[in-house]
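Okay, structure first, notes after.
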Amino acid sequence: MFSQEPIEWPDEVEILIDRLEGESAKRELTREERAVIDVYETVPILESEDGLHEFWQSGVDHQRVINSFELIGATTLVDPLNASRWCGNRSQDRNDYSETEADYLATIEEELPGGLDEVLDLLMDFIEEELE
């Protein structure tokens with residue numbers, strides 16, 4: 001899809017994720033806690049070669065994940081996620097897209113790098129404001 005350095009999560013985020021994943025077995029996470037995990041787990045999918053196609057073919061709760069990005073303020077990712085919703089109804093093989101579909105998806109995916117560049121700072125701010 002695009003060549004961008006993957007996000008390197010700070011230790012603070014990694015430790016928080018480990019703690020929340022452990023706690024999720026004992027109690028239901030708050031919406032804010034769930035959003036942090038959703039964003040953390042979804043960013044590598046969006047950074048992958050198949051980006052949005054892979055996101056829509058994955059088994060995640062798509063609407064919850066989109067709402068999680070919106071909750072942390074990553075609206076520049078919400079638009080391409082919503083615009084590519086049709087990928088969830090397509091073949092699991094991205095090569096089966098028509099030329100028009102492939103071109104349209106490539107156009108949507110051009111918005112991802114800018115949104116991914118912002119997500120780390122937005123998530124850190126969200127954690128500071130909502131979870132500490």
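No value in this document is a laboratory result; all are computed from the given coordinates. Computed from a predicted structure; not experimentally measured. Virtual Cβ from ideal backbone geometry, glycine too; neighbours counted across all protein chains shown.
Of everything in region 58-89 that is over 17 Å from TYR40 (Cβ atoms) and surrounded by 17 or more Cβ atoms within 10 Å (Cβ to Cβ), the residue that is farthest from the chain's Cα centre (by Cα) is CYS87.
Restricting the search to helices (runs of 4 or more DSSP H) fully inside region 3-110 and requiring at least 3 residues that are closer than 23 Å to GLU132 by Cα gives 11-23, 31-47, 62-72. Per the conditions (1) at positive phi; (2) in contact (Cβ under 8 Å) with a residue 60 or more places away in the chain, the sole criterion not satisfied by VAL36 is (1).
Residues of region 18-37 include at least one that is over 13 Å from the mean Cα position of the chain (by Cα), more than 15 Å from LEU120 (Cα to Cα) and buried (at least 17 other Cβ atoms within 10 Å of the Cβ). Determine whether GLU41 is among the acidic types (Asp, Glu) and surrounded by fewer than 16 Cβ atoms within 10 Å (Cβ to Cβ). So GLU41 passes the test. A count restricted to region 77-96 and to residues that are touching a Phe, Trp or Tyr at 6+ places or on another chain (Cβ under 9 Å) and of a type outside the set (A, V, I, L, M) stands at 8.
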